[in-house]
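The values are calculated or read from the model by the stated rules, or taken from the named source; none is laboratory data. Everything numeric in this text was worked out from a predicted model, so none of it was measured. Heads up, the Cβs are rebuilt from the backbone with ideal geometry, glycines too, and the neighbour counts pull from every protein chain shown. Calculation scope for accessible area: heavy atoms of the full protein, side chains included, ligands and nucleic acids excluded. Shrake-Rupley method; radii C 1.70, N 1.55, O 1.52, S 1.80 Å.
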Amino acid sequence: MCVGEVRLRRDPSEACERELLDWERRASERRVKDARFRAIRTLDTFNFSGQASINEALIRELNVGGEYINRRENVLLVGNPGTGKTHLAFAQGRRVKFSTTTALVAQLQQTRENRRLQRYLKQMERLDLLILYELGYVPFSKTGAELLFEVVSRAYERTNVVVTTNLPFDT
C-alpha cells in the first residue's frame with residue numbers, strides 16, 4: 001500500500017469508446033456541412049398525420065439503415081409543394097450532396113467553363129447519395145440538360161439519387 005500516492009486507473013476500452021464516439025460525431029458534422037442542407041430534418045420530426053397520401057411504412061422502411069442506398073435503388077418523390085418531399089429526402093450517416101436541380105446545373109456549367117468539370121464529376125461519384133430537389137421547377141438550357149444527364153448517367157449503379165418534383169407524370 002502506498003500512502004500519499006493516488007493513481008487513477010482508467011479502463012483503456014472506455015477511452016477508446018469515447019474517442020470513437022467523438023470521431024463519429026465529428027464525421028457526422030462534416031458530412032452535414034459538406035451536404036449543404038438548408039436545414040437539418042429528421043424522420044422523427046415529420047408529421048405523417050398531416051399528409052395522408054404518404055405511405056409512412058414505406059418511408060420508414062426506406063429510412064431504416066438506408067437500405068435503399070445499400071441496394072443502389074433510387075427514389076423519386078412526387079407531390080404538390082408543401083407536402084414534405086424535401087423533408088423526407090434526407091439521409092443520415094452518408095456522404096450526401098443536397099441541391100436544387102437548377103443550382104447543380106449552374107455549378108456544372110461553371111465548372112465546365114473553368115475546365116474543372118471532370119474533376120467535379122469524379123468528386124460526385126464518391127457520394128453515397130445525391131439529393132436533387134425541385135426538378136422541373138425552373139427550365140434550363142440544352143447544355144444544362146446535357147450536363148444533368150451526365151451526372152445522372154454517371155450515378156447509375158454507383159451513387160443513389162433522390163429526386164423531388166411537383167410535376168406529375170403521365171401514365
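Residue count for the stretch 60-83 satisfying the condition of being touching a Leu at 6+ places or on another chain (Cβ under 8 Å) and in a strand (DSSP E or B): 3.
For the stretch 71-94, a residue qualifies if it is at pLDDT below 80 and under 26 Å from Arg158 (Cα atoms), and the qualifying residues are Lys85, Thr86, His87, Leu88, Ala89, Phe90, Ala91, Gln92, Gly93, Arg94.
Can you find, within the stretch 103-145, the residue that is nearest to Thr159 (Cα to Cα) among those that are of a type in the set (Lys, Arg) and part of a helix (DSSP H, G or I)?
Of everything passing the filter in the stretch 103-145, Lys122 is nearest to Thr159 (Cα to Cα).
Only a single item in (1) loosely packed, with under 12 Cβ neighbours inside 10 Å; (2) farther than 24 Å from Pro168 by Cβ; (3) among the small types (Gly, Ala, Ser) is not met by Ala106, and it is number (1).
Just so you know, in the stretch 152-165 the residues that are in contact (Cβ under 8 Å) with a residue 40 or more places away in the chain and buried (at least 21 other Cβ atoms within 10 Å of the Cβ) include one that is farthest from the chain's Cα centre (by Cα), and it is Thr164. For the stretch 109-140, a tally of residues being touching a helix residue (DSSP H, G or I) at 6+ places or on another chain (Cβ under 8 Å), exposed (fewer than 15 other Cβ atoms within 10 Å of the Cβ) and not acidic (Asp, Glu) returns 4. When the stretch 131-171 is filtered for residues that are closer than 17 Å to Val78 by Cα, of a type in the set (A, V, I, L, M) and out of contact with any Gly (no Cβ under 6 Å at 6 or more places or on another chain), the ones remaining, listed by number, are Ile131, Leu132, Leu135, Val138, Val161, Val162, Val163. Within the stretch 125-137, is there a residue that is free of Cβ contacts under 8 Å to residues at least 40 places away in the same chain and among the hydroxyl-bearing types (Ser, Thr, Tyr)? Within the stretch 125-137 (the criterion being free of Cβ contacts under 8 Å to residues at least 40 places away in the same chain and among the hydroxyl-bearing types (Ser, Thr, Tyr)), the answer is yes, since at least one residue qualifies. Condition (residue is over 28 Å from Glu146 (Cβ atoms) and β-branched (Val, Ile, Thr)) applied to the stretch 55-78: is it met by at least one residue? Yes: the stretch 55-78 contains one or more residues that are over 28 Å from Glu146 (Cβ atoms) and β-branched (Val, Ile, Thr). In the stretch 19-70, the residue that is most open to solvent (accessible area, probe 1.4 Å) out of those that are of a type in the set (Lys, Arg) and modelled with pLDDT of 70 or more is Arg30.
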